[in-house]
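What follows is a short report on a single structure.
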Amino acid sequence: YRNRNSEYQDFLQRIQAKQRQLRPLTPVMEFLPDYAAETMVDSILSLAKALSSLQPKDRAETGHIVNALKNITFSGVSGPVSFTAEGDRANPQYMVMNFPTNTATEWVNVGVAGITPDTVDIDIRAICWASVGCNQATAPTDTYPVPPNAVPLWGTLLIVVISILFIIIALKYWRSRQKKTRLKANIDEMQKKINAMQNI
């Protein structure tokens, strides 16, 4: 979520003034680099405000600092800052962005979403959905069609028929080998009898 309230503008103007003072020949930044810079500024401000609300002897105690953070509320660079009892940021805002397409080279902001329905402000038609494309009046279903079978029915039948034929041919080959082995054994037995009769 990119906040653009007066606190953000004031903070940016102070950074730009410092940049002009320290590097007069360098162009100044037009905005903070990304949302992480804004949240980092507010994190540091939150910690500083929490520490300043404590007695010096309590500033080294983690429990006191955490409790002090839960009571912090201010309008920060990234938007309103306050914390839940669990220590999470209360009512966070998330920016919804479209990934660049073949024609677009920049991320496209389509709106902002919070954690409750009343904090959602999204142009649903501006979202490009992977499964159905852009300019949809409603979000697509989260169920996807069952993909068709990779092998059509005739292909499955063909595989079954070929498998059966292969098994039949393999059985015939095995039976013929068995028959040949028995025949060879019979021939060998007859040859032994013939040889025995010649020796008499």
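The values are calculated or read from the model by the stated rules, or taken from the named source; none is laboratory data. Computed from a prediction, not measured in an experiment: that's the story for all the values here. As a convention, Cβ positions derive from the backbone with ideal geometry for all residues, glycine included, and neighbour counts pool all protein chains shown. To get the accessible areas, we keep the full protein, side chains included, count just its heavy atoms, and leave off ligands, DNA and RNA. Shrake-Rupley method; radii C 1.70, N 1.55, O 1.52, S 1.80 Å.
Couple of notes before you dig in:
- Accessible area of the chain belonging to carbon and sulfur atoms, whole % at 1.4 Å probe: 61
- Of all lysines in the structure, those lying under 22 Å Cα to Cα from LYS193, and not within fewer than 8 positions of it along the same chain, are LYS179, LYS180, LYS184.
- Taking amide H positions as modeled 1.01 Å from N, with prolines and chain starts lacking one, the residues under 5 Å from VAL96 and 5 or more places away or on another chain are VAL110, GLY111, VAL112, ALA113.
- Candidate lysines - alpha carbon under 24 Å from LYS70, same-chain residues fewer than 8 apart omitted: LYS49, LYS57
- Helix-only mean residue ellipticity at 222 nm for the chain, each DSSP H run of n ≥ 4 adding -39500 (n - 2.57), per residue, nearest 500: -15500 deg cm²/dmol
- Compared with the dominant principal axis of the Cα atoms in the chain, helix 35-52 is inclined by about 50°.
- Simple rule: put +1 on each Lys or Arg Cβ and -1 on each Asp or Glu Cβ in region 29-174, find the dipole, and look at ALA85, ILE169, LEU158; the Cα lying farthest toward the positive end is ILE169.
- Relative contact order [Cα under 8 Å, 6+ residues apart], region 98-200, whole percent: 10
- The slack between MET197 and ASP118, meaning 0.36 nm per residue of separation minus the straight C-alpha distance, is 17.4 nm.
- Residue with peak Gaussian network fluctuation, the chain [Cα springs, cutoff 10 Å], from GLU189, GLU86, GLU106: GLU189
- Size of charge dipole - the chain - debye, nearest 20, with Cβ of Lys, Arg +1 and Asp, Glu -1, no other charges: 2100
- C-alpha center-to-center spacing [region 40-94, region 129-153] in angstrom: 44
- Result for the chain in a Gaussian network model with C-alpha springs under 10 Å: among THR141, THR181, THR26, the largest mean-square fluctuation is at THR181.
- When the Cα gyration tensor is reduced to axis lengths a ≥ b ≥ c, the ratio a/c is 1.5 or higher for region 9-129, and with a/b not above b/c it is classed as oblate.
- Accessible surface calculations at 1.4 Å, restricted to protein heavy atoms, place the chain at 79 Å² per residue.
- VAL66 versus GLU189: modelled label distance in nm, points set 7 Å from Cα along the beta carbon direction: 9.2
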